[in-house]
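Notes follow once the structure below has been shown.
No value in this document is a laboratory result; all are computed from the given coordinates. All of these numbers come straight from a predicted model, not from anything done at the bench. A quick note on method: Cβ atoms are made from the backbone with ideal geometry, for glycine too, and the neighbour counts reach across all protein chains shown.
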Amino acid sequence: MLSLILGIDGHLVINGDQLADKNDSISVIEESTVITVTINGEARSIDKEKVTDVVINGHTGADLIRVRVARPMTISGGDGTDQVISDYSPPGALLLPSGGNDTIILNQGELRIDQSQRIGRLVVNGFSRFVVPPDTGVLTVSSVTLGSPAIEGPWLDLNNNDLIVDYPPGTTSPRFFIQRYINIAREFSWYVFGITSTTAISAHNTTLGVMQSNEYFSLYGPGATFSGEPIDASAVLVRYTYYGDTDFNGVVDFDDYSRIDAGFLNERTGWLNGDFDGNDQVDLDDYVLIDGAFNTQGSSLGPALSSIGARSSKVAGRSR
């Protein structure tokens with residue numbers, strides 16, 4: 001059953017059909033004086049001055065939800081594989097977990113999540129930001145695409161959280177593009193286009209490290225989880241951690257120095273081998289980064305694998 005409820009407090013709730021086989025088309029567009037809600041072709045206009053915030057519930061089915069609203073907003077696709085298109089959503093607009101691998105297309109404004117969440121295809125365009133607030137957990141996507149770069153976006157802001165790009169088996173890993181998105185953000189001190197970390201702006205000894213899942217399995221064994229989430233052989237892992245934390249265990253220690261030394265001597269590449277700035281080589285700059293992080297690191301940022309034991313320790317006073 002479809003419903004549209006405007007409470008006396010200005011709380012506008014829009015519900016799609018709850019029948020399992022019903023795929024809804026929901027459009028919520030804010031215009032000069034009204035908010036027009038269209039559900040499966042039926043439109044209703046509401047004086048926008050009477051609306052304080054908007055909640056959209058797709059419920060079951062594979063729904064299409066399209067919004068252009070400047071009011072505080074919460075979107076829930078519900079069960080099914082949904083498509084959510086935001087032509088504008090205000091800062092703080094919240095995307096709730098869905099039962100399916102939804103497609104999320106953000107063309108302008110902001111969307112954020114407030115807990116670990118899995119979605120399908122994530123597209124961030126224009127002057128827009130998809131935000132994972134601090135201490136949220138992990139974002140899992142099947143693909144991530146950022147539109148043309150600009151100073152004010154598009155951003156995927158992980159803050160101090162992790163990202164899993166769980167791409168289809170048998171296809172090419174998107175690791176190159178993920179690393180490129182991070183490199184661009186890092187080059188401009190995390191302030192511009194790319195996969196960025198607002199947390200790293202003030203924590204200069206931290207960054208976003210990138211590792212292929214098979215590299216991670218080489219450390220912790222097949223079937224190891226990442227940030228509490230199961231992963232397979234076709235995944236790119238992004239971890240907020242200290243520069244130099246080659247094994248994603250949340251600290252810089254002797255094992256990390258051993259790996260960067262081996263990476264340098266054998267001309268290897270990649271985060272696991274000591275390439276912390278993502279320039280496809282292990283060089284002096286990487287040693288500067290690991291030394292700086294080692295000498296300034298605080299408490300552990302926590303291991304990516306929750307069952308990791310303390311199998312390595314800091315080398316007190318080591319410097320180069």
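Annotations
- Rounded to 5, the percent of DSSP beta bridges in the range 1-96 classed as antiparallel: 40 percent
- Gain on full extension, evaluated as 0.36 nm per residue between S189 and D232 minus their Cα-Cα distance, stands at 12.3 nm.
- The stretch between E31 and A203, if pulled fully straight at 0.36 nm per residue, gains 57.8 nm over its current Cα-Cα span.
- Neighbour counts of other Cβ atoms within 10 Å put L301, L237, L156 in the fewest-to-most order L301, L237, L156.
- The base-10 log of I(q)/I(0) for the chain, evaluated at q = 0.07, 0.12 Å⁻¹, reads -0.32, -0.81 [Debye formula, identical scatterers on Cα atoms, solvent excluded].
- Pairwise label distance in nanometres, D283 with E42, each label 7 Å out on the Cα-Cβ vector: 6.5 nm
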